[in-house]
Each structure stands twice: as structure tokens, then as C-alpha cells.
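The values are calculated or read from the model by the stated rules, or taken from the named source; none is laboratory data. Keep in mind it's a predicted model, so treat the numbers as computed, not measured. Note: ideal-geometry Cβ built from the backbone for every residue, glycine included; neighbour counts use all protein chains shown. For the accessible areas, the whole protein counts, side chains as well, though only heavy atoms, and no ligand, DNA or RNA atoms are used. Shrake-Rupley method; radii C 1.70, N 1.55, O 1.52, S 1.80 Å.
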Amino acid sequence: MHENTIAALADGLGAKEYSSQELTEAFLGRIQALDANLNAFITVTEEQALAAAREADARLAKGEATPLTGIPIAQKDIFCTKGVRSSCGSKMLDNFISPYDATVVERLRRAGAVMLGKLNMDEFAMGSSNETSYYGPVKNPWDTGTVPGGSSGGSAAAVSARLVPGATGTDTGGSIRQPASFCGITGLKPTYGRVSRWGMIAFASSLDQAGPMARTAEDCALMLQAMAGFDPKDSTCVDQPVPNYSATLNDSLEGLRIGLPKEFFGAGLDPDIGRLIHEAVDEYRKLGAAIREISLPNMHLSGPAYYVVAPAECSSNLARFDGVRYGYRCQAPRDLKDLYMRSRGEGFGAEVKRRILIGTYALSAGYYDAYYLKAQKIRRLISEDFKRAFDEVDVIMGPTSPSAAFRFGEKSADPIAMYLSDIYTIAVNLAGLPGLSIPVGFSGKLPVGMQIIGNYFAEARLLNVAHRYQQVTDWHRRAPLLAC
Amino acid sequence: MSLTTEDVTRIAWLARVEIDPDKTGDYARDLSGILGFIEQMNAVDTETVAPMAHPLDQAQRLRPDQVTEPDQRVVFQAQAPAVEAGLYLVPKVIE
């Protein structure tokens with residue numbers, strides 16, 4: 001059963017080949033057998049999962065199912081789940097049992113998806129390798145000596161190893177796309193505001209966005225269908241109708257205009273990856289697309305602007321962790337100052353503290369104009385680059401990350417080297433655009449992803465473009481040895 | 001911009017995050033490196049560029065001024081490290 005996609009499993013459930021309970025037990029069995037090695041899960045919710053599966057079976061029997069009813073999934077531990085630890089990968093929230101469900105969690109539950117547990121991640125989603133998690137790093141199923149990417153590394157590894165057919169992720173600077181690329185799966189970051197952020201523990205509020213991670217674009221379409229939509233509880237959520245993402249998957253790509261930004265293929269890109277991207281683009285040419293080179297001239301400024309905006313918003317968002325209302329509190333505080341300083345000093349890990357300090361500095365008196373305001377202006381320049389590009393092309397393609405998965409410890413001592421692994425993804429968050437990563441080949445034994453960027457609310461088009469490629473290639477069907 | 005260990009201590013105080021005194025040198029080095037990376041922004045003239053606060057340039061939505069949240073104090077305080085009689089407990093602030 002585990003070899004099947006969500007779409008195939010939904011067919012199997014519909015045809016009564018197996019029940020959701022059997023499916024859930026099978027995947028729980030795989031988690032038990034394989035996850036001690038991978039460390040993709042922080043919490044497995046076996047009892048709740050089996051109860052939800054029985055409910056799903058009743059719903060299937062009544063003929064009231066959606067395509068996700070009875071399908072096992074798992075949630076990144078950044079989403080609040082009622083009655084279940086919601087740790088965000090941090091010691092700060094190790095003891096936090098959320099009193100409510102995030103909107104994404106509630107919507108997937110309403111669709112009938114069965115949550116198997118909560119997935120490991122970089123602490124507060126700050127990291128690109130999963131090495132900053134309080135619960136230890138997740139291993140890449142393709143080579144357990146390499147990182148799965150981050151911050152949604154647990155989600156990517158779990159889907160890649162067939163521990164779940166689909167999972168949620170969040171993406172602030174590449175946290176869905178980069179791990180999808182490193183683990184050989186499909187991951188979509190929707191347009192900013194497409195999916196509600198309510199109950200999703202905030203890192204950088206003007207950039208954060210939740211999205212689906214699965215093996216195929218078809219499965220991502222099914223998950224996004226349930227996740228997307230207006231939510232009055234998130235003031236930045238956009239009130240726009242949600243199209244039927246599955247309906248247009250097979251649309252023709254004849255005449256599709258693809259732009260390749262020359263800035264994505266310069267120095268710093270592993271030549272092996274450049275070659276694989278060009279091979280994938282050739283497939284699109286065969287499917288009828290027209291390819292042209294484009295330019296995003298301010299691309300090189302996206303890293304510097306991001307490392308102002310994201311830490312500044314992080315320092316403000318993480319001010320809520322005060323050791324008073326919830327979360328970690330230090331032992332025997334001498335006074336209120338000591339309570340704040342030590343609860344936060346002991347509860348946060350090194351990378352989170354680095355970002356809080358950078359953000360606090362950037363927002364401190366006298367520096368606002370030089371850093372945050374300047375970064376917001378650069379953000380405008382980057383977004384205008386994309387706007388001009390989308391006058392000429394329908395989608396933009398390029399590498400998701402400059403390299404395949406790197407080894408544990410390779411970049412963890414140098415923050416800048418780590419930040420550069422998101423160099424092709426962060427501009428998309430700064431502009432608020434949707435982007436997706438699909439597997440397009442291997443560099444040695446490690447999978448490589450290609451990024452496809454679309455215009456605002458063009459998720460259906462992105463999924464269509466990815467799906468057609470997956471109809472004529474089989475990279476997305478390859479499984480790591482340990483998952484077979 | 002290069003930060004000193006004194007700068008790190010001051011910023012850590014502003015952020016209310018305790019930094020191990022043995023580690024302030026490491027933080028000063030890492031943060032200075034990150035600021036150097038960030039300052040590549042300065043190469044561009046942005047004098048006439050309008051700052052972008054929201055990717056879709058949306059204005060804040062307003063809602064009717066009605067009570068929508070029920071009282072959940074008991075539920076929320078179940079998560080708190082220390083409460084008494086419905087109040088959050090902290091070390092004494094006023095002598």
C-alpha cells in the first residue's frame with residue numbers, strides 16, 4: 001500500500017480494496033519500523049489516528065467522502081494541534097499541548113484526512129538542514145549521512161521514505177521547496193495569503209506560507225484543495241475563490257512560455273544540477289513549450305534583504321515566549337528580568353538566538369531606516385523584476401537549490417554558507433509568489449529538484465505544468481532503498 | 001558593521017535573551033558576518049523606491065466590532081508554568 005500515491009489510495013479506498021483503518025495501521029507500522037533511523041517524527045498520534053480512521057471508514061461507507069477521506073497524512077510540528085504537543089522543534093515548546101487546532105489542521109481533518117503525527121523540523125523553522133531541531137536532526141532517506149533539507153525536513157523525509165503519502169510544510173524562504181528537492185518529492189509553496197496562517201506558529205509573518213508536500217503534483221493538488229481558502233481568523237489571508245486544482249492538471253502545455261533567469265545559472269550552481277535542469281527544460285520543449293532567457297537583475301539582493309526582514313519579524317514574533325503564559329520557564333528565577341532572560345536563553349537554540357539578535361539590532365533605535373526600511377525597498381525591486389518577467393513568460397524555471405543534499409556538519413558552523421542554500425528560493429517569498437519543486441534527476445545517488453515559479457494565484461497552472469512533466473518522466477516514482 | 005562583545009551583550013539585553021558569557025565572542029563574530037552579508041543592500045540606490053510591506057499591497061481588513069471569542073481563561077492557563085486564583089505568577093516586581 002505504501003508505494004501508492006494519495007490519488008491511488010483514494011481509488012483503493014473507494015473500491016473497498018482496503019479500509020482506512022488498514023491503511024492507517026500499515027503506515028503506522030512503517031513509522032515504527034523505519035523512523036528510529038530517520039527521526040522524521042517528533043510525536044506519533046497512534047490512538048487518535050486509529051479513531052480518525054474508523055470515522056473515515058464510516059464516512060466512506062455512507063458515500064460522503066472527499067478525495068482525502070481516510071488518507072493518512074502528517075503535520076509539520078509548526079501547526080497547533082488540539083490536545084497534541086505542538087513543539088515547533090524547540091525546547092521552548094517541548095511541554096506545549098495546544099488548546100486549539102490550526103486552520104490548516106482543521107481543514108484537513110474536515111476533509112477526512114487521518115493525522116498520524118507531528119513532523120520534525122528546524123527549530124521555529126529557522127534552518128535549511130534540520131540540524132537546529134531540539135529533537136535532533138532528521139536523516140535524508142536517500143543517504144542517511146546527508147541532511148534532508150529544512151526547515152520542513154521531517155515532512156520531506158517522511159514522504160520520501162513512504163512513511164506517509166502526504167504531509168504539510170511551511171515555507172518562509174524555501175522551507176518546503178528545498179527539502180522537497182533534497183528528498184526527491186514534490187512540494188508547493190502557495191501565493192502569500194492563499195492558505196491561512198492561523199495556528200501556524202509564526203516566524204516571519206510577511207513571508208510565512210503553508211503548503212502541501214507529496215510525491216506527485218496530482219497529490220499536491222488534492223491536498224491544496226483542502227488547505228486553501230479564506231479564513232477570517234488570519235488578517236493577511238486573501239479572500240479569493242479557490243479553483244478546482246485537479247480539473248486543469250492535464251491541460252496542454254502547447255505554447256507555454258517558460259523563462260530561464262540567467263541569474264539562476266551563474267557561479268555557485270553545481271554544474272551537475274545545471275545540466276539536469278536543462279534536461280528537464282528540454283522535456284518541456286518536447287511538450288510544446290517555448291523557452292527564453294530572462295533576467296531578474298536584483299536577484300542577488302534577495303539574500304541580504306531576506307536576512308533583515310525574516311530576523312526582524314522573528315524577533316518581534318518570538319517576543320511572545322516569555323516564560324509566563326506558556327512554554328519553558330527557567331528554574332528558580334531571581335526576579336522578572338532573570339525569568340525572561342534565562343527562560344529565553346535556555347529555551348531557544350543557537351540559530352534562533354542569532355536571528356533574534358540580528359532582528360533586534362536591525363529594529364533598534366537609529367537602525368530602522370538602514371536595515372528594515374531598506375530591505376522593504378529592495379523587496380519592491382525584486383517583486384518588480386518578477387512582474388516584468390511575467391509580462392513575457394507564464395512560468396519561470398530554475399534550480400531549487402545550488403547543490404544536492406549536503407552532509408551533516410558541512411555548513412552548520414557557518415551561518416552564511418547555510419543561508420546560501422536557499423539562494424534561489426527566498427526571492428519568491430519576498431515577492432509573495434507561488435513556487436513548486438519537482439524531482440528532475442539525480443546527482444550521484446541524491447535527488448535534484450527543479451523550481452517552477454508562477455504569477456500570483458497561479459497554483460493551478462504550476463500544478464498543471466508539474467503534472468504534465470510527471471506524466472512523461474518517472475523521477476517522482478523513484479524510492480530510496482530503505483523505503484522499499 | 002562589526003559588532004563587539006559589548007554590543008552583543010547590549011542587544012541580548014534588549015531582546016531579553018541570556019547569552020552565555022563564554023559565547024559572546026562567537027555571537028559577535030557570527031552576527032558581524034551576517035551584517036556584512038546584509039550590507040550588500042547598500043550598493044543600490046533606493047531613494048525613490050516605495051517600501052513593500054505586503055506582497056499583494058493589501059490594506060488591513062476591518063471586521064465588525066463584535067465579541068467573537070469566548071472566555072477560555074481556564075483552558076489557556078492550563079498551559080502556564082505557574083498560576084494561582086486565575087492569575088499568572090511571576091517573581092515579585094514591586095517591593
Between the stretch B:1-19 and the stretch A:5-69, the alpha-carbon center distance in angstrom:
49 Å
FRET efficiency, 1/(1 + (r/R0)^6) with R0 35 Å, evaluated for A:Asn4 and B:Gln79 via beta carbons
0.35
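So how much slack lies between A:Arg85 and A:Glu283, counting 0.36 nm per residue of separation and subtracting their Cα-Cα distance, in nm? Numbers along the way, then the final one.
Numbers: separation 198, 0.36 × 198 = 71.28 nm, distance 4.45 nm.
Fully extending the segment from A:Arg85 to A:Glu283 adds 66.8 nm.
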How long is the stretch A:67-223 along each principal axis, judged by its Cα atoms, biggest number first, in Å?
38, 36, 28
Accessible surface of the stretch A:93-149, 1.4 Å probe, proportion on carbon and sulfur as whole %
50 percent
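When the Kirkwood hydrodynamic radius is evaluated over all pairs of different C-alpha atoms of the stretch A:344-484, what value in angstrom, to one decimal, is obtained? Working shown, then result.
Details: mean 1/r = 0.0553 Å⁻¹.
So the Kirkwood estimate lands at 18.1 Å.
Using Cα pairs closer than 8 Å and at least 6 residues apart in sequence, work out the relative contact order for the stretch A:336-484, in percent. Can you show the working numbers first?
Working: 119 pairs, mean separation 28.6, N = 149.
Contact order relative to length: 19 percent.
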Write down the Kirkwood hydrodynamic radius of the stretch A:1-112, to one decimal in angstroms, obtained as one divided by the mean of 1/r over all alpha carbon pairs.
14.9 Å
If you take the beta carbon distance between A:Ala413 and B:Glu6 as r and set R0 to 25 Å, what does 1/(1 + (r/R0)^6) give as a FRET efficiency, to the nearest 0.05?
0.55
How are the C-alpha pair distances of the stretch B:9-95 spread across 10 Å bins, as whole percents from the shortest bin up?
10, 17, 21, 28, 21, 3
Let me test this: with uniform point scatterers at the alpha carbons of the stretch A:133-289, what is the Debye-based log₁₀ I(q)/I(0) at q = 0.09, 0.15, 0.20 1/Å?
-0.35, -0.97, -1.37
5 angstrom amide H check on A:Met115, placed H, neighbours 5+ away
A:Ile73
When only alpha-carbon atoms are used, what values of Rg and Dmax, in angstrom, describe the protein assembly as shown?
23.0, 78
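Using the scaling law 2.2 N^0.38 Å as the reference, what is the normalised Cα Rg of the stretch A:163-214?
On the way: Rg = 10.7 Å, N = 52, 2.2 N^0.38 = 9.9 Å.
That works out to 1.09 for the stretch A:163-214.
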Give A:Lys337/B:Lys23; A:Lys91/A:Lys445; A:Lys16/A:Lys62; A:Lys387/A:Lys411 a once-over and call out the pairs whose C-alpha atoms are over 24 Å from each other.
A:Lys91/A:Lys445; A:Lys387/A:Lys411
Using only the Cα atoms of the stretch A:238-380, each taken as one equal point scatterer with no solvent, compute I(q) by the Debye sum, divide by I(0), and report log10 of the ratio at q = 0.15, 0.17 Å⁻¹.
-0.95, -1.02
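Quote the total accessible area buried by chains B and A together, excluding ligands, DNA and RNA, probe 1.4 Å, nearest 100 Å².
Numbers: alone 9400 and 17610 Å², together 21710 Å².
The buried area between B and A, both sides summed, comes to about 5300 Å².
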Just the number please: accessible area per residue for the stretch A:319-408, 1.4 Å probe, all protein chains included, in Å².
36 Å²
Working from the alpha-carbon coordinates of the stretch A:337-406, get Rg over Rh, Rh being the Kirkwood radius.
1.18
Euclidean distance between Cα centres, the stretch A:123-160 to the stretch A:194-263, Å:
22 Å
Keeping every protein chain in place, order A:Asp391, A:Asp122, B:Asp7 by accessible area at 1.4 Å, biggest value first, i.e. largest first.
A:Asp391, B:Asp7, A:Asp122
